[in-house]
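Below is one structure, written out as structure tokens, with a few remarks after it.
Read-outs: derived from the displayed coordinates by stated rules, not from any lab. In this text the structure is predicted, and so the values were computed from the model without any measurement. So basically every Cβ, Gly included, is an ideal-geometry build from the backbone, and we count neighbours across all protein chains shown.
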Amino acid sequence: MRELLKKTDAEYILNQMNFNSNMGKNILKKVKKGLSDKDIKFHLDLTSTFLNFFDKEEEIIETFKSAISHINDIENTLISLGHKKELDEIEMFEIKNFLYFSMKIQKNIPTNFKEIYFENPEDIFNILDPQKTKIHSFFIYDEYSEYLKSLRNIKKEYQKENKTENPEYVEIIKKEKEEEHKIKQKLTKELKNYKDILLDIFNKISLIDYLIAKLEIIKKYDLSKPIFSNCISIKGMFNPKVYDVHLKNNKRYQKIDFELDKKPVIITGSNMSGKTLSTKTVALISVLFKLGFYVPANKAELKYFDDIFYLSGELGSNEKGLSSYAGEIKFINEAFLEAKSGKNVLVILDEPARTTNPNEGTAIIEALIEELYSKNCFLLITTHYPHLKAKKAKKMRVKGLMKDRLEEINEKNINDYIDYSFIEDEKANVPEEAITIAEILGVDEGFIKTARKFLG
């Protein structure tokens, strides 16, 4: 899954999530492994509810963020309460500090938001606050034991009289430590009764930290909540990484629509037509959905897949000493075997078999469509190979260069004159635009004329 996050640019989005503690980060680490369809629904609905409650509540969100930033990750300490005989003072401070800031969070959570609501833990806090000062520092206070108080008073007298070398003083120190140990054991025993409650509060605050980070990303890119479906239907999809580059350079970004069902889809198009970006964006949206995330689209109906296979142009197997083709074909075989085993898979292949000759490359693509169509698999392929038969596939192509406006096009504005949307084309012919694009990009005129001569 890690490699898939990187290849699809999902990592670009996830890396922008701003957490206020390690608690939220730890949830993301677990989510990155992928979720079941049941957990996806839980996370999507939870995010939706959080948005409904807090989308406009900036002051409350800032209160949450500030409080969470003061809480350490004490999950292991809380878990150890079940078997530990004695917590040390640092651990008790961290629990008290946790409860102190939990109370600030609790009072801002609606009682009907049961997934993150918890009761005020003031009674537990008071165990560690015998002086009722309502501050989050901690000490083994005199109020815990009259005997401890008397020992400390005696100790002070010795210190005032500068008798710290006296054997009796050393004995007082020893007794003080013994009494402190007894108090810590007593407090640990009391806190142990609240272990499950403390862990529940910890988990819910972790969830709040995670949800705040998701909320900020959703608002930044205007992401939408995907709907479960038996097919893929996306309206107005976009790639946030490329969108940011276009925005920075004040360039146009065209959102596009895409649909895929059990019938495989073949997309053809010339170079610079956006085939690779479009397939990567479909893969990105599918991956984010598998993580229970909102997606970069105006609307998305998505199917749950057990696994997602995405072959990008950058696939390599150099670490195994394989050629690009060898790495490619092994990857395709892995996807094929997964589908053959009965698993529900999505396979997205960006120009497979591009490095072999057209005859064999065409045969490989035809075989892929034939074999995977009969399996429990959704298949999307881009290619520049023309004349594919592929009767069981739906053939699409990128509209491409706006040829009726060639006089307006130059090297700087060419992207503004390419229509990246898809149209159905049963002939699946690849538009012959490469030489025209080369001409627009200022390639040598003599070279262009020679190329056109060989094109006929």
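Please name which of Ala353, Ala393, Phe54 has its Cα lying farthest along the dipole of the chain towards the positive end, using unit charges on Cβ (Lys, Arg +1; Asp, Glu -1) and the Cα centre as origin. The listed residue farthest towards the positive side: Ala393.
A Förster distance of 22 Å, applied to the separation of the beta-carbon atoms of Ala367 and Arg452, puts the FRET efficiency at 0.05. In the chain, a dipole from Cβ-located charges (positive for Lys and Arg, negative for Asp and Glu) runs towards its positive end, and of Asn18, Leu148, Ser69 it is Asn18 whose Cα lies farthest in that direction. Across region 335-341, coupling constants 3J(HN,Hα) worked out from phi with the 6.51/-1.76/1.60 Karplus curve, θ = phi - 60°, read 5, 4, 5, 5, 5, 5, 6 Hz, and Gly and Pro carry x.
Could you list, in their original order, any pairs among Lys38/Lys204; Lys107/Lys149; Lys204/Lys303; Lys38/Lys84; Lys330/Lys395; Lys299/Lys412 whose Cα atoms are separated by more than 27 Å? Beyond 27 Å: Lys107/Lys149; Lys204/Lys303; Lys38/Lys84; Lys299/Lys412. Within a straight-line Cα-Cα reach of under 18 Å, Lys85 can be paired with the following aspartates and glutamates, leaving aside sequence neighbours fewer than 8 residues apart in one chain: Glu75, Glu94, Glu178, Glu179, Glu180, Glu190, Asp196.
Please give the FRET efficiency for Asp39 paired with Asn193, using the beta carbon to beta carbon distance and R0 = 30 Å, rounded to the nearest 0.05. The pair Asp39/Asn193 has a calculated efficiency of 0.45. Close amide-amide hydrogen proximity is noted between Lys394 and Val265, Ile266, each under 5 Å apart and 5 or more residues distant or on a separate chain (H modeled in the peptide plane; Pro and chain starts excluded).
Semi-axes of the equivalent ellipsoid of region 2-212 are 44, 18, 15 Å, computed as sqrt(5λ) over the eigenvalues of the C-alpha gyration tensor in descending order. Between the listed residues Ile440, Ser374, Ser312, the Cα displaced farthest toward the positive end of the dipole of the chain, a dipole computed from Cβ unit charges relative to the Cα centre, is found at Ser374. Taking the Kirkwood radius as Rh and the Cα radius of gyration as Rg, region 1-103 has a ratio of Rg/Rh equal to 1.04.
When the Cα centres of region 139-193 and region 110-130 are compared, how far apart do they sit, in Å? The two parts, judged by their Cα centres, are 31 Å apart.
Within the same chain, aspartates and glutamates fewer than 8 places from Lys251 are excluded, and of the rest, those with a Cα less than 19 Å from its Cα are Asp222, Glu408, Glu411, Asp416, Asp419. For the Cα atoms of the chain, what angle does the longest principal axis make with the long axis of helix 37-54, in degrees from 0 to 90, nearest 10? Helix 37-54 sits at roughly 70 degrees to that axis. Return the percentage of antiparallel bridges among DSSP beta bridges fully within the chain, rounded to the nearest 5 %. In the chain, approximately 40 percent of DSSP beta bridges are antiparallel ones.
When the Cα convex hull of region 30-78 is projected onto planes of every orientation, the mean area is 5.0 nm².
In the chain, the calculated helix contribution to ellipticity at 222 nm averages -15500 deg cm²/dmol per residue, counting -39,500 (n - 2.57) for every DSSP H run with n ≥ 4. Remark: His83, His387, His181, His43 ranked as His83, His387, His181, His43, counting other beta-carbon atoms within 10 Å and listing the fewest first. Annotation: amide H of Phe309 within the under-5 Å range of Leu346, Val347, Ile348, sequence separation 5 or more or interchain, hydrogens built in the peptide plane.
In order along region 140-145, phi translates into HN-Hα couplings of 7, 6, 4, 5, 6, 7 Hz, rounded to whole numbers, per the Karplus curve 6.51 cos²θ - 1.76 cosθ + 1.60 with θ = phi - 60° and x for Gly and Pro. Amide H contacts of Asn20: none lie under 5 Å away among residues 5 or more positions distant or on a separate chain (H built 1.01 Å from N in the peptide plane; Pro and chain starts excluded). With θ taken as phi - 60° and the Karplus curve 6.51 cos²θ - 1.76 cosθ + 1.60 applied, the whole-hertz 3J(HN,Hα) list for region 235-248 is 10, x, 7, 8, 9, x, 5, 6, 4, 4, 5, 4, 5, 4 Hz, x standing for glycine and proline. Label-to-label distance, Tyr243 versus Asp200, with points set 7 angstrom from Cα along the beta-carbon direction: 3.9 nm. Residue pairs exceeding 32 angstrom between C-alpha atoms, taken from Lys160/Lys184; Lys192/Lys219; Lys32/Lys255; Lys56/Lys195; Lys32/Lys65: Lys192/Lys219; Lys56/Lys195.
Between Phe113 and Lys182, the simple spin-label model (points 7 angstrom out along Cα→Cβ) gives 4.6 nm.
Placing +1 on each Lys and Arg Cβ and -1 on each Asp and Glu Cβ, with no other charges, gives region 45-124 a dipole about its Cα centre of roughly 100 debye. Overall, the chain carries a charge dipole of about 720 debye about its Cα centre when +1 sits on the Cβ of Lys and Arg and -1 on the Cβ of Asp and Glu, all other atoms neutral. Inter-label distance, Lys251 to Glu89: 6.2 nm, where each label sits 7 Å from its Cα along the C-beta direction. Given +1 at the Cβ of Lys and Arg, -1 at the Cβ of Asp and Glu and no other charges, the dipole of region 2-212 around its Cα centre is 440 debye to the nearest 20. With log10 I(q)/I(0) by the Debye sum over Cα atoms at q = 0.06, 0.10 Å⁻¹ as the read-out, I listed [x] -0.29, -0.73; [y] -0.43, -0.83; [z] -0.41, -0.96; which label goes with the value calculated from this structure? Evaluating log10 I(q)/I(0) by the Debye sum over Cα atoms at q = 0.06, 0.10 Å⁻¹ on these atoms matches [y].
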